[in-house]
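Written out below as structure tokens is the structure these notes cover.
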């Protein structure tokens, strides 16, 4: 079969089973799809679709980061936007106050996110579940105030908000200006991010978190240093959050604290829940889906000529649709899009059987 | 326990302004009744279907409900903010040389105290309240012993919404009503956690502590940082006492 | 007259993993029945099937029926089952640890008089009234759990692994209390346990379940005198010396005879 996807029944060695594309023709399919995708998208789509695509790619970076800490390590993080904000404002600050070049700013922004991530992880050593979620929320609020103050400081020092523009991003000598060039750049960066996290899930870290997800106490007694793993998870989430925020700032040429509110944190959480908790592909699906639909709503309103009546309410309507999406998925599809996809694949893989039975043969 | 606090903090209410005392009572009564119905509805359609799923899902669901309400409010009254004018704003008395207390300044603390006391008595002394605690601890055992879990959940949510309504109305008398009330509601979360999530007794000291620190910050540092104060207190307290100041430590496996 | 009957019941988890199959049990009214067997045999699953707790574990009764007092109760949810007069004392999570003994009893009762009756039946609990349940000893917790189960005046009491984690003398004390209660109210009891000897001393009827199948059924005295059962579940053998010692270990893996 040309589209024979990864089947758990076809591996013949551990290496094969944990490989990136387990035994199948999937590898070829994937590369083919990727090539087609990359080549066509920038040229076939309209400007708005391209900008959505770009924004989705940025979101993917943030989402995979969150997936590591909340999906894989199962530590509720309600403050993801704080990581993004840190990245965003540190970058802005680096530019205005220290005049650093972009290629230096991006890593620094990401690392600052990582450091905040690490700090967020510390409460995780003492708290669980809901309590932990609230501490991440607390950090979000605190960082929010800090960034607000910093934003005001920068504004008074260097001009009004509109003047806080970051320069064009220059990577390897190329100025990234057009949507298309952003697309390629972001594709590379988000591709690397996804690849990194996917590899994480295949590594010791992935196995450790899988154990911790099931029963933390047992994982600890098996020798897994739960504390270190949690800290790592938060640090990684912070890194990608910071990277996401930094890139977002460069993309929009400025940073504003409203872009990093609690709503945004929840949006990212919704992304990984809607996409599928715990699987890397889930973060991708979720990011694209949420960004896409939010944008779609705006488009429908403006294209449908309803700008007059509904215009000022756009934000409200977007929020409404977003909330309804969350609710629908939470109730009807708790495994998310990735879950649906797995079921579909499973159905075709096992057809005409309905399931694999594990009933013991009776004596 | 958990659900009632989540609900309590996450449902902002917004209203227009009545002006006379009579109208006020009527509005209040209406909102309370409406609140109960609304709370039951939320429970039935949004929370109940999720019973048995992970905590994360339920938290996200309440957040989704929050956004839903915020969105609806935003759509119906876009960008509006109002003020609930109460009669008797001018009545007051001189408490000391520098302090002049107006009658309506006393409203929040009095209302707050009454509500707190009512909740305390309900949860600690009444049979129904004890049942809620039992369900919060081990719902499977409660079900076996004939306690109707869905009823308990519905009651918790109804209480949460009503308290939310009261809170919203009280806030409305003190400051501007707008969607930013959500921020205040979130601060309520910190109070709940600092006090201890399963402890009603803890709420009062926690609230006083946080409020005092907030005001002190406004006075001596600045207003913006005071927004962060409740959260800073939360972090400090939770690091020292993970279950809150008055929480009972057996929360161990409540993930 | 059988208050409870399981007829060829088969339970599967996740639609594919069979836990028990072809299980048929008769619990006679007013008597104590024992369901014995090793770990993982399916005892808890059987109790869950009766009390309606399968759905929460993604399991269901695939075939067969559960008849209680002449009515089919196979797919009823826990709340309904408990209303019919079936009370289950679970293996774990049997009391509300954060509440006091008194609060525990109040939570599960409707009237204060019910709570007073419980104190009369279990004077020990009255002494421990204000104590937090989580700090009670194992035996005390078990008594509280039984008291809570009895408050609703059930007709059928199911007890899961009563003896787990309790010292032998405590086990016999609790069982004695149980016997007293049973005689007092003419209660029907189904005891599920691994401690065969202790339970068979007060039971009148017994079943043995292994690997999801019932492998033996009979009166308590029949079980107590059956060589294989005594060997595997109690450790007695009728080889030289009577009681088993390590000297007789060689005979440990004797083939099971009773299906012959």
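Side notes on the structure shown:
- Overall form of the stretch C:188-234 per C-alpha gyration tensor (a/c, 1.5; a/b vs b/c): rounded
- Here the stretch C:79-153 was treated as a single set of alpha-carbon atoms; its pair distances binned every 10 Å from 0 give 21, 58, 21, 1 percent.
- Shape of the stretch A:263-346, Cα gyration tensor, a/c cut at 1.5: prolate
- Global geometry of chain C, whether rounded, prolate or oblate, following the gyration tensor of its Cα atoms and the 1.5 cut on a/c: oblate
- Centroid-to-centroid, using Cα positions, the stretch A:51-94 and the stretch C:132-210 are 55 Å apart.
- Computed packing ranks the peptides B:37-46, A:246-255, A:55-64 as A:55-64, A:246-255, B:37-46, most packed first, by mean other Cβ atoms within 10 Å.
- Packing-based order for A:277-288, B:198-209, using average beta carbon neighbours within 10 Å, highest first: A:277-288, B:198-209
- The mean count of C-beta atoms from other chains within 10 Å of the C-beta of residues in C:92-100, rounded to a whole number, is 5.
- Residue-normalised convex hull volume from the C-alpha trace of the stretch A:53-256: 108 Å³ per residue.
- Estimated purely from DSSP H runs of n ≥ 4, each contributing -39500 (n - 2.57), the mean residue ellipticity at 222 nm for chain C is -9000 deg cm²/dmol once divided by its residues.
- Degrees separating the helix C:138-151 axis from the principal Cα axis of chain C, which is the longest one: 70
- Reported to the nearest whole Å, the Cα centre-to-centre distance from the stretch B:115-160 to the stretch A:249-267 is 40.
- Between the Cα long axis of helix C:112-121 and the first principal axis of chain C there is an angle of about 40°, rounded to the nearest 10.
- Counting only other chain Cβ atoms within 10 Å of each residue's Cβ, the peptide A:141-152 averages 4.
- Counting, for every residue in B:220-230, the Cβ atoms of other protein chains within 10 Å of its Cβ and taking the mean gives 3.
- Nearest-ten-degree value, helix C:168-185 long axis tilted from longest Cα axis of chain C: 70
- Packing-based ranking, highest mean first, of A:86-92, A:222-228 given that Cβ atoms within 10 Å are counted: A:86-92, A:222-228
Where a number appears in this text, it was derived from the coordinates with a stated rule and is not lab data. Quantities reported herein were computed from a predicted structural model and do not represent experimental measurements. For neighbour counting, all protein chains shown are included, and Cβ atoms are generated from backbone atoms with ideal geometry for every residue, glycine included.
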